[in-house]
């Protein structure tokens, strides 16, 4: 086994352990992403099933497609580019998406920036922060890894 394979296996095992421990508190609430300067652009449901049409995990839906302009998985779009001020994947984004529940309760900014005040910091988003480049290549596979029962 090569060193690269060992590293990948070690990362995947670590991910499995982390994902098994995803907080029930967060899973109990349906969480939504809103982006744009005023956070008025709906970007999908963060923790809905991959069969939900609004889910970021549904590759056939608007928000799970890597081609849709309102998808965080579109690396060329405003909400998925590593250069956009509205993307969670830009360390210097001035307006990263927010995470809220249906009542509007704020759960934090969805951003890889570790210096952003009020950054969301629960297990699901930490997993996305760490592996977003790999997730966007196969969203459905990663959903299965994250939510495997």
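The values are calculated or read from the model by the stated rules, or taken from the named source; none is laboratory data. Bear in mind the structure is a predicted one, so any value in this text is a computation, not a measurement. Every residue, glycine as well, gets a Cβ built from its backbone with ideal geometry; the counts of neighbours run over all protein chains shown.
For region 71-80, the count of residues that are part of a helix (DSSP H, G or I) and in contact with a helix residue (DSSP H, G or I) (Cβ under 6 Å, 6 or more places away or on another chain) is zero. In the set (1) assigned to a loop (DSSP other than H, G, I, E, B); (2) in contact with a strand residue (DSSP E or B) (Cβ under 6 Å, 6 or more places away or on another chain), residue 91 fails one condition alone, (2). Only one of the numbered conditions (1) modelled with pLDDT of 95 or more; (2) under 16 Å from residue 29 (Cβ atoms) is violated by residue 147, and that is (1).
Take residue 68 and tell me if it is surrounded by 15 or more Cβ atoms within 10 Å (Cβ to Cβ), out of contact with any strand residue (DSSP E or B) (no Cβ under 6 Å at 6 or more places or on another chain) and modelled with pLDDT of 95 or more. So residue 68 passes the test. Considering region 88-104, and only residues there that are under 18 Å from residue 31 (Cα atoms), in contact (Cβ under 8 Å) with a residue 40 or more places away in the chain and out of contact with any helix residue (DSSP H, G or I) (no Cβ under 9 Å at 6 or more places or on another chain), the residue that is surrounded by the most Cβ atoms within 10 Å (Cβ to Cβ) turns out to be 96. Residues of region 46-64 that are under 24 Å from residue 93 (Cα atoms), in a loop (DSSP other than H, G, I, E, B) and under 13 Å from the mean Cα position of the chain (by Cα): 46, 47, 56, 57, 63, 64.
Listed conditions (1) touching a residue at least 24 places away in the same chain (Cβ under 8 Å); (2) in contact with a strand residue (DSSP E or B) (Cβ under 6 Å, 6 or more places away or on another chain); (3) in a loop (DSSP other than H, G, I, E, B) are all met by residue 43, apart from (3).
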